[in-house]
Amino acid sequence: MTRLLGSSVLLLVAISTATAQAVHPRNPLGTGPEVVSAGHALYNRTCTACHGIDGGEGERAPALVGDRRFFRLSENSIFDTIRGGIPGTAMPPFSLPDDDLWRIVVFIRAMRGSASETDVPGNAQQGMAVFTGKGGCMQCHTLNGRGGSIGPDLSNVGAQVTLKHLQESLTQERPIPADYRPVKVVTR
């Protein structure tokens, strides 16, 4: 009798757990660049009255970029927060269509996610060929134990910085960090 009762309780727990998990929506759109772009546009139309444009700090709500606890939440948690709001705060519930909410969620995650967590178009083999060949990157940078030591080791850079940071590093001239500035040594 005790064994039957114990089995029944386990079955009820399993059913209630499965039911609770089934009510959480799943992102049906994926995380591709077109979804991020659409989410960016929706975010800037609907969220910037409180949060800042492009995820920056707003007049009535915090920035959504940077090192905030909010980004450790799952996609579902962010979706639920946008849809239901945050009781007792200025964050209201939004009644946008679910697909639009998912687009905003994907944009928010892409703003903060590392480059390796972001879907981008391109050909990895061609990129590696440029990096190791005519781009000359390996003369200064180390990649998986090979290459130069003048510049930073890029073996894990995709997990350490955002896609936007990588794109800006490759397309915009910036000052060289102090640890990597070249020096000219003149002997007597």
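The values are calculated or read from the model by the stated rules, or taken from the named source; none is laboratory data. From a predicted model like this one, the values you see are computed outputs, not experimental measurements. Quick reminder, even Gly has a Cβ in these numbers, built from the backbone with ideal geometry, and neighbours come from all protein chains shown. What goes into the accessible areas is simple: the full protein's heavy atoms, side chains included, and nothing from ligands, DNA or RNA. Shrake-Rupley method; radii C 1.70, N 1.55, O 1.52, S 1.80 Å.
The apolar share of the surface of region 109-188, taken as the fraction of accessible area on carbon and sulfur atoms (1.4 Å probe, ligands and nucleic acids excluded), comes to 52 percent. For residue 137, the solvent-accessible surface with a 1.4 Å probe is about 40 Å², rounded to the nearest 10.
Working from the Cα coordinates of region 106-188, the gyration tensor eigenvalues give, after taking √(5λ), semi-axes of 28, 16, 11 Å in decreasing order. Here residue 153 and residue 117 are evaluated by their C-beta separation; at R0 = 22 Å the FRET efficiency comes out at 0.65. At a Förster radius of 45 Å, what calculated FRET efficiency corresponds to the Cβ-Cβ distance of residue 91 and residue 125, to the nearest 0.05? That pair, residue 91 with residue 125, gives E of 0.50.
Positive contributions from Lys and Arg (+1) and negative ones from Asp and Glu (-1), summed over other residues with Cβ under 9 Å from the Cβ of residue 111, come out at +2. Accessible surface calculations at 1.4 Å, restricted to protein heavy atoms, place region 113-153 at 69 Å² per residue. Label-to-label distance, residue 169 versus residue 144, with points set 7 angstrom from Cα along the beta-carbon direction: 1.8 nm. The Cβ shell under 12 Å around residue 46 holds other residues with a net charge of +1, Lys and Arg each +1, Asp and Glu each -1.
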